[in-house]
1. Which members of the range 275-297 meet the condition of being within 23 Å of residue 322 (Cα to Cα), in contact with a Ser or Thr (Cβ under 9 Å, 6 or more places away or on another chain) and of a type in the set (Gly, Ala, Ser)?
2. Just to be sure, is residue 416 under 30 Å from residue 186 (Cβ atoms) and hydrophobic (A, V, I, L, M, F, W, C)?
3. Return yes or no: is residue 159 in contact with a Lys or Arg (Cβ under 7 Å, 6 or more places away or on another chain) and buried (at least 17 other Cβ atoms within 10 Å of the Cβ)?
4. So which of 51, 31 is part of a helix (DSSP H, G or I), more than 32 Å from the chain's Cα centre (by Cα), farther than 27 Å from residue 145 by Cα and modelled with pLDDT of 75 or more?
5. What's the number of the condition residue 144 fails, among (1) out of contact with any helix residue (DSSP H, G or I) (no Cβ under 6 Å at 6 or more places or on another chain); (2) under 30 Å from residue 297 (Cβ atoms); (3) part of a helix (DSSP H, G or I); (4) assigned by TED's automatic domain parsing to the domain that holds residue 63?
6. Report, by residue number, each residue of the range 62-78 that is among the hydrophobic types (A, V, I, L, M, F, W, C) and modelled with pLDDT of 80 or more.
7. How many of the residues in the range 329-347 are part of a loop (DSSP other than H, G, I, E, B) and either of a type in the set (Lys, Arg) or touching a Ser or Thr at 6+ places or on another chain (Cβ under 7 Å) (or both)?
8. Please go through the range 183-241 and give me each residue that is within 27 Å of residue 439 (Cβ to Cβ), modelled with pLDDT under 85 and among the aliphatic types (A, V, I, L, M), ordered by number.
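The values are calculated or read from the model by the stated rules, or taken from the named source; none is laboratory data. On a predicted model such as this, the values are computed, not experimentally measured, just so you know. As a convention, Cβ positions derive from the backbone with ideal geometry for all residues, glycine included, and neighbour counts pool all protein chains shown.
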Amino acid sequence: MPKFKVEAVDSAGKGFTDVIEASTEEEVTATLKESGYMVTKIALHKDRKATKKKGGNTNGKTFSFGRVKPKILRDFTRNLSILQDAGLPILRSLNILQAQSKPGALRNCLIDVCSEIESGSSLSEAMAKSPKAFNRLYVNMIKAGEAGGALETILQRLAEFLERSEQLKAKIKSAMTYPVSVLIFSCGIMIFIMTNIVPKFEEIFADFDTELPALTKWLMNTSHMIMTYWYLIPGVPFGIWLFIKITTSFSYMRFGWHLFLLRVPIFGILMEKTVVARTTRTLGTLVQSGVPILEAIHITKETSDNAVFELMYQRILDAIREGDTIANPMKKYSRPGFHPACLFYFFVFLAGPIGCLIYMTKLQNKILDDIVVNMVDVGEETGELDEMLYKVADVFDEEVAVYTEALMSMIEPLLIMFLGGMVGTIVIALFLPMIKLIESLSQ
């Protein structure tokens, strides 16, 4: 007997989607009409497994590489929440968005999600099978929305959460774009001067056979070194990246590297505030969406992208299982303490003993301010944990923005001073012999 995929609405306008076995479409329509439903769409249901066996991949998928970009996922979530708020069935909403999306990872995932739903899976179950687009945080919030019958509200919260996360990343990226661009451009100019301009001056000085000043000799030697070992210029940053990649493949070293990023002067504070803002907003969103607290903390731990915070949230999770609150273990474990791998990275990247000394001065620093712990404590006492977590996230988002602006105002003059010093050194080194030559010729 054939199967028909049916979309229908009841007298109250609530829609549903199902797969029904019947002889004809008219029989399906009549059966649902007797039950008080009006059919809005009906089509012959094709078994996915049979389709794959007959014709392979004929569902419109295209080749894609990597995960779905956060910006694309954010736009999809916002559009899906709008369609759900308009009362459309979930499958129809997904089909509309799948047809509108460009070929790529998201479209492929939506094709799979629609196929799973047509086979009888729920939305959260279908999304869980497409991890390239929907992570565990996303899936669990959808699952909570389905269980509470508030999928539209959950989608709106998800869209807002993704938007705030993207805004935070955009602030940091925009702040770092200018100094990085200036630094790369200035390095290119310096390399050009060292490899093209300085050798010509060296030939001129050689013709006069005069004793060169020490500064000029240093400049010539530097030019020779750059021209001889030019391949090290791109090789050094690549080597550093490869070194970090290999060492952090071990969990012990990964913890040390992430702790180093939180403790490094100037930029460590920015990193810490960013992670606190992201994790508290994630936890607040999950709690507000009705996800159980243990599952919410576990998801927050996995999505923190920082081994130091992962360990802290794991300890909080263990303490809650033993009957403790969130605030007590959060306060207790917010100080990571000494870690040899972190000391190793300070030694390697911050001038050896000086880096070690800097690290030892930061041993007692916490990764969570007391204000965070106090607001979580108040939230637990008043039953408004989600609201307090949102307030913490908002405060730290604002602090990240203010600190980023202050950092930029400090970096810009430092870059100008650095470039001015480099150019001035080159000019002085090249003109000192010229002055000597002019004096000797005048005599």
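1. 296, the sole residue that qualifies.
2. yes
3. Yes, satisfied.
4. 31
5. Residue 144 satisfies all of (1) out of contact with any helix residue (DSSP H, G or I) (no Cβ under 6 Å at 6 or more places or on another chain); (2) under 30 Å from residue 297 (Cβ atoms); (3) part of a helix (DSSP H, G or I); (4) assigned by TED's automatic domain parsing to the domain that holds residue 63 except (4).
6. Across the range 62-78, the qualifying residues are 68, 72, 73, 76.
7. Qualifying residue count, the range 329-347: 1.
8. Matches in the range 183-241: 204, 206, 212.
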